[in-house]
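Read through the structure below, which is laid out as structure tokens, and then see the notes.
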Amino acid sequence: METERDAILAALRPVVDGIAATFGPVCEVVLHDYRKPENSVVAIAGSVTGRRVGGAMSEIGMRMVARGDEAADELNYVTRTDTGTLVKSSTMLLRDSTGRVFGAVCVNVDVTAASEVHALLGALAGIGAAPEEPPVTTFGDDIDSVVDVMLDAHRHQSWALLDRAGRLDLFRSLDERGVFAVRRAIEQVAGRLGISRASAYSYLSQSRKQAQQTNAGGHS
């Protein structure tokens, strides 16, 4: 099975270059191998998010990994990088012959200039409604920086002030976003929250058990 997956990735490498060449310098195409989330980028053409081969997956990729084989393609979504670049993207999953998800092809198009022109034409035409601000997505070669940003997004309240339910909700949310698919993530989360690794493992286990019970109850 691993040989089949490796062959699919190898076959897609020239496709990555071809798509990027077709759409020009505003386009970036990334080939991900989800079997190694810390270094999932196995091929890349173009430079919209600034990543390189050997780089890490983004928050979106981590969410896909968390969903496993239940994940679905995400097409034509718009996000903004932390440097302000407006990006229109599509993430298309790779499955082996048994239907297991093991990677993805991601197409990222820099639409910053197009958005500015659209806003200018709207202003000239008297269309004053501002578009909804897209969410910021973290792209980086270092998986630790991606996990850190995801942790920061959840630190609305001090850990010490959270009750047990709030703490379990925090771990469940991080788990659903794929944080714990990354090696060393449990240590990273524990350090950021100021708790022991054993406590972090305990909260993660309890949150997963609670989620299973909730899902079982919903399907009874």
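Throughout, read-outs are computed from the coordinates displayed, never taken from laboratory work. The structure displayed is predicted, hence computed values, not measured ones. No Cβ is skipped: glycine too gets one built from the backbone with ideal geometry, and neighbour counts run over all protein chains shown.
Summary table
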| item | result |
| --- | --- |
| Relative packing of peptides 166-175, 42-51 - highest average C-beta neighbours within 10 Å first | 42-51, 166-175 |
| Enclosed volume per residue, in Å³, of the convex hull spanned by Cα atoms of the range 166-213 | 64 |
| Ranked by how many other beta carbons lie within 10 Å on average, peptides 71-82, 56-67 from highest | 56-67, 71-82 |
| Pairwise label distance in nanometres, Glu70 with Ala165, each label 7 Å out on the Cα-Cβ vector | 2.3 |
| The range 7-119: mean projected area of Cα convex hull, nm² | 7.1 |
| Full-stretch length increase - Lys209, Arg184 - with 0.36 nm per residue and alpha-carbon distance subtracted | 6.9 nm |
